[in-house]
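The structure under discussion appears below in the form of structure tokens.
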Amino acid sequence: MAASHPCRHVRAQHLGFAPQSLSHIAASELLVLLRCLGSLVDLIAERGSDLLDLACGHGRIAKRLAARGVRVTGLDATALFLDRARAQAAAAGLEVEYVQGDMRSLPWPERSFDRVISWFTSFGYFADDENRRVLREACRVLRPGGTLLIETNNLAELLPRWLLDAGFATVDFHDREGEPLTALSGRMIAIARR
């Protein structure tokens, strides 16, 4: 018996609100995504620029990039999401290759893509070792000089919100030496006061 996707229950909930309610998010996120990826002209011109969308879901980002001329391949573990993505791409006359698979074991040879994106909290589904495996796989399929973009929840933003919601009055963050937290801090100390 095949193992189920670890977030099957969470991803099934996405069916209730996606893709319609995510449409406005995808449009605004696309601008951020393009800014992070670099010039769209460069994306299209450089060897046709091959982009892999990991955990592409319904294809909300993939189809928007394809509409702008980027060659996009989307990978997702959920067949229903891929069926919807394929139908939407076909209806829009877009060419996007959608592949069912596991991001921990990508089915492409080394150096297949110029860009890999993992958007909308699709990184971090697994245990730490398996999440590191996802990163190694993304690196493996990137061409030299390629770029990986990961968009995910920021624990430094989530934790204070959760602590404040739990009833704490203030929340401060420090590194393990008690200094203000920075992007280079290896550990994070949260101080919540009631």
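Residue-wise test of (1) within 22 Å of residue 141 (Cβ to Cβ); (2) polar (S, T, N, Q); (3) crowded, with 22+ Cβ neighbours inside 10 Å; (4) modelled with pLDDT of 95 or more.
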site	(1), (2), (3), (4)
2	no, no, no, no
23	no, yes, no, no
36	yes, no, no, no
45	yes, no, no, no
77	yes, no, no, yes
83	no, no, no, yes
87	no, no, no, yes
92	no, no, no, yes
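Test residue 178 against the stated conditions and say whether it is small (Gly, Ala, Ser), on the phi > 0 side of the Ramachandran plot and assigned by TED's automatic domain parsing to the domain that holds residue 110. Quick ask: steps written out before the conclusion?
On the way: small (Gly, Ala, Ser): yes; on the phi > 0 side of the Ramachandran plot: yes; assigned by TED's automatic domain parsing to the domain that holds residue 110: no.
Here the answer is no, as residue 178 does not meet what is asked.
Quick one: residue 122 ticks every box in (1) surrounded by 17 or more Cβ atoms within 10 Å (Cβ to Cβ); (2) under 18 Å from residue 71 (Cβ atoms) bar one, so which box is it?
(2)
Residue by residue through the range 180-194, note down the ones that are surrounded by 10 or more Cβ atoms within 10 Å (Cβ to Cβ) and in a loop (DSSP other than H, G, I, E, B).
181, 185, 188 - these are the residues of the range 180-194 that are surrounded by 10 or more Cβ atoms within 10 Å (Cβ to Cβ) and in a loop (DSSP other than H, G, I, E, B).
Being within 14 Å of residue 50 (Cβ to Cβ) and surrounded by fewer than 16 Cβ atoms within 10 Å (Cβ to Cβ) is true for just one of 111, 136, 115, 140. Which residue is that?
111
Any residue at all in the range 133-153 that's among the acidic types (Asp, Glu) and free of Cβ contacts under 8 Å to residues at least 12 places away in the same chain?
no
Given 115, 193, which one is over 16 Å from the mean Cα position of the chain (by Cα) and either of a type in the set (D, E, K, R) or within 19 Å of residue 59 (Cβ to Cβ) (or both)? Talk me through it step by step, then tell me what you get.
Values: 115 fails: over 16 Å from the mean Cα position of the chain (by Cα).
It is 193.
Given the structure, is residue 141 in the same structural domain as residue 70 (by TED's automatic domain parsing), modelled with pLDDT of 90 or more, touching a Cys at 6+ places or on another chain (Cβ under 9 Å) and among the β-branched types (Val, Ile, Thr)? I'd like the intermediate steps shown before the answer.
Values: in the same structural domain as residue 70 (by TED's automatic domain parsing): yes; modelled with pLDDT of 90 or more: yes; touching a Cys at 6+ places or on another chain (Cβ under 9 Å): no; among the β-branched types (Val, Ile, Thr): yes.
In short, no.
Only residues that are surrounded by fewer than 16 Cβ atoms within 10 Å (Cβ to Cβ) and under 23 Å from residue 56 (Cβ atoms): list them for the range 150-164, please.
Within the range 150-164, 152, 153, 154 meet the criteria.
The values are calculated or read from the model by the stated rules, or taken from the named source; none is laboratory data. Since the model is a prediction, treat every value here as computed from it, not as a measurement. Positions of Cβ are backbone-derived with ideal geometry, glycine not excepted, and every protein chain shown enters the neighbour counts.
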